[in-house]
Structures are given as structure tokens and as C-alpha cells.
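Here is the structure we will look at.
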């Protein structure tokens, strides 16, 4: 109840704003501004957005910028990634990439809304037309197949209602899960699952690569990541690998049984690479996952509108067949 009340009265920051702020901070840092100068500048320029004031106050009290950014209400996996990046001197780069991904996500969401407007209008018009035909036209023609109109209309409305209920239940189920188990569900989704998988793998590989590049070994990485919020992806993976390695399990087997880790990671480790060479390979692989995530997002968005129009075309053809075939039969009988 307390969490629900907090969510209601906390002003939600749009994804576009989160992405914009991350990209702006990364650009200012790359241009030589210090952290305090960057946040102070944004605080003065965005005086209506009080979270920058809170971020600035956290910095004044000695907190890390990655910790202060919790006021942006970023996803836990991204927040953890920024903590890792700051600890290893890659904060500006991590902010730029996560900001770009969030920005792409926001753009695709807006594009999806634009794409859905016209098909939804047509679908609403078709349903209205079917109801009108059922109420006014069919009784006047005394057509024997009026039950087909009822059945078809009930099928469309039932399908829409079913999708809404399934979507609501799916959302509620996700809210009950921690971040790691939520990710396991998302990567299994049809069509969208691959995008989520590439996104999570990008973050995991980038964080691991940055940590190994600074001389840490796998046990050190797991010990550090184990301090993150319980249930987060980095925390869960670190606990899993610590338990496995402590019990004498094979590292490659652990990687093979982990759904969120790519198979290419086994190939790299089997090649015998270690230290800076391994870290560099992981960072390159994370860049590839970053590009693949963006590419798959655009591909899926390009598929949505044709699929919707195909569904609408099927509804139109079925409606015409239900109405016109009996009329054609009546005309044929008269002739």
C-alpha cells in the first residue's frame, strides 16, 4: 500500500526526458565540464524540475553521480551500470549509450502510437458499421444469415477484450517479479524477446568488460556486483556465479545455463583469453549488442503497420462476404 501511494504521488519522468538528461550530462562531461558544474548548470536551466536540485544536493554531500541519479528513476539495471561505469572511469560513455537506447525506445514508442492511430480508427469504424448493419440493415432485408454477423462481431469484440485482459494480467505479473525474473519473462516474448535479450546482454557485457579492463578478476567482479540491490540482474548473476564457483562448478557450464548470457562468451573464454584482451573482446561484443538492439527495434516497428493492415483487410473481406453473398443469392433466385 505504501509503495502504491508513493507511485501515485511521485511525478513520473517521461522516458524522453530521462534519455535527454543522460545524453546532455554525457556531452557536457565529454566537453570538459566537471560533474558539479554540469549538474549545477542543469539545475539552473531546469529550475522547474526539482530532481536536479536533489541530485545537486546529493553531490554536495559527497555522493557519487551514479548514486545521485536515482532521482531520475532509471531502471535498476541501468542504474547499476552507471555505478560500474563511474567506478571505472567510463561514466560519460555509459551515459551516452544508455541515453541513446532510452531515446530510441521513446522514439519507437511515439512512432508506435502514430502507427496505431489510423488502423485503430479503421477498426473502430468497421465495428461501428457492423453494429449498424446488424441493427438497421439486416432486419429490413430479412436475411437468414444474421447470426453470422452476430458471431463475427462477438469474435472481434471478444478478441479485443481478451488481448486487453491478457495485457493487464501480464503487466501485473511483471510488477510482482524482481528485475532478474522480469528479464527472464521479457526475453521469451515472441518478436520482442530478442530485442530485450540484446539489450540486457549489452549492459551485462559492457559492465563486465569495464571491470575486467581495470584489473579485476571474476571473483572481484562478483563480490562488487553482489552489493547491488537484491533481485537486480547484476546482483542475481553475481550470487549465482559465486555459489557455483565456490561449489566447484565449471565456469563454462554456468555460462551455458544462464539465459541472459550470450553463447559467444563461452567461445571467447574457451579461446583462452584473459586480462585486458578478454576485457576488450567483451566491450567489442557489447558494442555489437548495442547496435543489434537498435537495428531490431527499427525492424519490428516496420513490421507492425503491415500486419495491422493485413488484419483489417481480412475483417473487411469477411464482412463483405457475410453481407454480399446472401444478397447475391437472393438476386440470383429472382433472376
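The values are calculated or read from the model by the stated rules, or taken from the named source; none is laboratory data. It should be emphasised that the depicted structure is a prediction, and the values quoted were computed from it without experimental measurement. Reconstructed Cβ throughout: ideal geometry from the backbone, glycine too, with neighbour counts over all protein chains shown.
Considering only the stretch 196-208, I want to know if a residue exists there that is closer than 20 Å to residue 231 by Cβ and not in a helix (DSSP H, G or I).
no
Quick check on residue 171: is it assigned to a helix (DSSP H, G or I), modelled with pLDDT of 85 or more, closer than 28 Å to residue 295 by Cα and out of contact with any helix residue (DSSP H, G or I) (no Cβ under 9 Å at 6 or more places or on another chain)?
Yes: the conditions hold for residue 171.
Out of 82, 74, which single residue is assigned to a loop (DSSP other than H, G, I, E, B) and either over 17 Å from the mean Cα position of the chain (by Cα) or over 16 Å from residue 297 (Cβ atoms) (or both)?
74
Between 217, 230, which is out of contact with any helix residue (DSSP H, G or I) (no Cβ under 8 Å at 6 or more places or on another chain) and within 15 Å of residue 84 (Cα to Cα)?
Within the list 217, 230, the selection yields 217.
Within the stretch 189-203, count every residue that is farther than 14 Å from residue 299 by Cβ and touching a residue at least 24 places away in the same chain (Cβ under 8 Å).
6
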